[in-house]
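The values are calculated or read from the model by the stated rules, or taken from the named source; none is laboratory data. Given the structure is predicted, the values throughout are model-derived calculations rather than measurements. For neighbour counting, all protein chains shown are included, and Cβ atoms are generated from backbone atoms with ideal geometry for every residue, glycine included.
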Amino acid sequence: MIENECPRHDEVRTAARAGVWPPELTAHAAACARCQETIFVSRGLFGLARVDAERAGPLPDARSTFLRSRLVARIEEEEDLVERAARPLLVANLLAIGAVLAALAWLGGYASTAMPELVPWKPLSWSLASVGLGALASRRLIWMDE
């Protein structure tokens, strides 16, 4: 990098950006090392920018991008609302399964002592209890679509 100061350096940068070179500035740039370096770097950077712009294609319309982002935000907000509304139903389902499991366990224990005629049904009550526990553990309840 060249360290000397040039009084016309800002003019050369502006001309390099615009691509318009007055004849006296062209003559100055041919003689000034700092301005030659600025022109060299500017041409390289603008060349890269042109290649990137050609590859990227045209930019999308700002209005359509804004509307699309608003739509995505609204959809996400509605999904959150649906999830929040379903929480009490999930709690009610878990409580119902717990109540059924408790009733089956009580029935299994009660049947073996108080009602010997229901003893053959005891394995059925325990199998129903294990199915209920499996449904509770898997979080895929019969009543909920997740």
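Taking the range 41-83 as the search range and keeping residues that are among the basic types (Lys, Arg) and at pLDDT below 90, which one is farthest from Arg17 (Cα to Cα)? Explain how you work it out, then say what you get.
To start, the set of residues in the range 41-83 that are among the basic types (Lys, Arg) comprises 43, 50, 55, 63, 68, 70, 74.
From what's left, at pLDDT below 90: 43, 50, 55.
Numbers: Arg43: 9, Arg50: 13, Arg55: 21 Å.
That would be Arg55.
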### Query
Name the pairs: first residue in the range 9-26 and of a type in the set (Gly, Ala, Ser), second residue part of a helix (DSSP H, G or I), Cβ to Cβ under 8 Å, at least 6 apart or on different chains?
Ala15/Leu25; Ala16/Thr38; Ala16/Ile39; Ala16/Ser42; Ala16/Arg43; Ala16/Phe46
